[in-house]
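Below is one structure, written out as structure tokens; the observations come after it.
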Amino acid sequence: MAKLLLIDDDDGVYKVTRLILERAGYDVLWARDGVEAISMLASPDLPDLILCDLMMPRMDGREVLIAIRQDPRLRHLPVLMLTAHRDAENLEFARDMKAVGYIVKPFRAGDLISRVRRFVEPGAEQVSSAGSHASA
């Protein structure tokens, strides 16, 4: 079972996203902000995929992505950005920092599952019909 780390400060988003992903067979860990996430990533047991909100207190998604990409032990981890805001600046930042994708909240369960599958299951990219940026 693939392990996912969801980084989001919204309890409601966490609960809904966890439910969707657990029903699809994934193990979901939760960090409420970037500081907590970076602390969790110090563990030798790394997640298979990180889903990271952009707008969070203490350490936002941009700072998390930068920290991950600067750490040789973590830089290989796929990061899928989640946000309530679709704008060219955030899309460009995510692409420049080698995020594997960008999903705008609210999202459809099927879109989320197909995007996650694409990065944690071999050959799943053939199953996914989602483009590089899913939307609500």
Inset, instruction - Would you be able to tell me the number of residues in the stretch 3-44 that are within 19 Å of ARG73 (Cα to Cα) and either part of a loop (DSSP other than H, G, I, E, B) or of a type in the set (Ser, Thr, Tyr) (or both)? - result: 5
Inset, instruction - List every residue pair whose Cβ atoms sit under 8 Å apart, with the two residues 6 or more apart in sequence or on different chains, where the first one lies in the stretch 6-21 and is in contact (Cβ under 8 Å) with a residue 40 or more places away in the chain and the second, anywhere, is hydroxyl-bearing (Ser, Thr, Tyr) and part of a helix (DSSP H, G or I). - result: LEU6/TYR14; LEU6/THR17; ASP8/TYR14; ASP8/THR17
Legend entry - Which numbered condition LEU51 fails, given (1) farther than 19 Å from VAL120 by Cα; (2) at pLDDT 95 or above: (1)
Legend entry - Considering residues of the stretch 65-88 that are closer than 19 Å to PHE119 by Cα and either assigned to a helix (DSSP H, G or I) or of a type in the set (Gly, Ala, Ser) (or both) only, the residue nearest to the chain's Cα centre (by Cα): LEU65
Legend entry - Answer from PRO57, PRO44, PRO72 - the residue that is out of contact with any strand residue (DSSP E or B) (no Cβ under 6 Å at 6 or more places or on another chain) and under 17 Å from ASP11 (Cβ atoms): PRO57
Inset, instruction - Could you pull out the residue among ARG18, ARG58 that is closer than 24 Å to ASP96 by Cα and either touching an Asp or Glu at 6+ places or on another chain (Cβ under 9 Å) or basic (Lys, Arg) (or both)? - result: ARG58
Inset, instruction - List every residue pair whose Cβ atoms lie under 7 Å apart, where the two residues are 6 or more positions apart in sequence or sit on different chains, the first residue falls within the stretch 70-97 and is in contact (Cβ under 8 Å) with a residue 40 or more places away in the chain, and the second residue, located anywhere, is among the aliphatic types (A, V, I, L, M) and in a loop (DSSP other than H, G, I, E, B). - result: PRO78/VAL100
Inset, instruction - Of the conditions (1) crowded, with 19+ Cβ neighbours inside 10 Å; (2) not in a loop (DSSP other than H, G, I, E, B), PRO47 clears all except one; give me its number. - result: (2)
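The values are calculated or read from the model by the stated rules, or taken from the named source; none is laboratory data. Predicted model only: the values in this text are computed from it and were never measured. So basically every Cβ, Gly included, is an ideal-geometry build from the backbone, and we count neighbours across all protein chains shown.
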